[in-house]
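Derivation of every value follows stated rules applied to the coordinates shown; laboratory data play no part. Everything numeric here is computed off the predicted structure, so don't read it as measured data. Cβ sites come from the backbone with ideal geometry, for glycine too, and all protein chains shown count toward neighbours.
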């Protein structure tokens, strides 16, 4: 649960970027301290629940669709590579993981001809089946295109999860599993999202069964 002093935000809106007036070394120490705080507060029970969704998808041969905007799109791309290449123990098939943030032609066509809010929904309409996993990545938790994707995924009978920041935003209540990094620094949120993805990747890889 996010501390009471962590407020919500809108996509791309910065509440804090640092204390101001520091030299590089002091700023780096300050930033490192914020990361350590988030590691200590990380909801490992939620991360474990997310790992169970991934394990179920692997057993059942379901797809994992991951998506995000901006920096979270880059994290989604990294997750898709890690889950579909690195996460499998030796001799076992990896997860069927696809990033929906990567199809630039489709995304720009939808944005130009219709609306950016539907760039993920329209891809899911063609691909998603019940018990697939939809993993949404958002600092604010308030991106309209991710909210639309979460609602559509639940209506289709998919399992849903999100990596979030700040207070979790609207997405927190729309997914089965929410891993919230309760920081007001976007960089720290995105760093921890990537770290969680690596925890999951190498946890899955090192399994014995």
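Rounding to the nearest 10 and keeping the result within 0 to 90°, find how far the Cα-based axis of helix 24-41 lies from the longest principal axis of the chain.
Between the helix axis and the principal axis of the chain, the angle is about 50 degrees.
What is the angle, in °, between the Cα long axis of helix 144-155 and the longest principal axis of the Cα atoms in the chain? Nearest 10 is fine, range 0 to 90.
Tilt relative to the chain: about 40 degrees.
What residues from the range 170-207 fall in the zone where the backbone N is under 19 Å from a label point 7 Å along the Cα-to-C-beta line of residue 28?
Only 187-188, 191-192 fall inside the zone, counting backbone N under 19 Å.
Between residue 131 and residue 92, what is 0.36 nm times their sequence separation minus the Cα-Cα distance? Round to one decimal in nm. Mind showing how you got there, number by number?
Numbers: separation 39, 0.36 × 39 = 14.04 nm, distance 2.09 nm.
This chain segment gains 11.9 nm when fully extended.
Nearest 10 degrees, 0 to 90: what angle lies between the long axis of helix 44-60 and the longest principal axis of the chain (Cα atoms)?
That helix lies at roughly 20 degrees to the long axis.
What spacing in nm lies between the two simple spin-label points modelled at residue 104 and residue 85, each 7 Å away from Cα in the Cβ direction?
Rounded to a tenth, the inter-label distance reads 1.8 nm.
Which value in deg cm²/dmol, rounded to the nearest 500, describes the helix-derived mean residue ellipticity at 222 nm for the chain, given -39,500 (n - 2.57) per DSSP H run of n ≥ 4 and division by the residue count? Write out the running numbers ahead of the final one.
Details: 7 runs with 95 residues, N = 209.
Helix contribution divided over all residues of the chain: -14500 deg cm²/dmol.
Post the alpha-carbon centroid distance, the range 61-82 to the range 160-209, in whole angstrom.
12 Å
Starting from the exponent 0.38 and prefactor 2.2 Å, build the expected Rg for the range 135-209 from its residue count and divide its actual Cα Rg by it.
Details: Rg = 13.1 Å, N = 75, 2.2 N^0.38 = 11.3 Å.
In units of the globular-protein estimate, the range 135-209 measures up at 1.16.
When the Kirkwood hydrodynamic radius is evaluated over all pairs of different C-alpha atoms of the range 101-183, what value in angstrom, to one decimal, is obtained?
On the way: mean 1/r = 0.0777 Å⁻¹.
With all distinct Cα pairs of the range 101-183 included, I get 12.9 Å.
Sorted from largest down, give the three principal axis spans of the alpha carbons of the chain, whole angstrom values.
51, 48, 29
Return an integer: the convex hull volume of the alpha-carbon atoms of the range 18-78, in Å³ per residue. Write out the running numbers ahead of the final one.
Numbers: hull volume 7.2 nm³, N = 61.
With only Cα atoms used, the range 18-78 gives 118 Å³ per residue.
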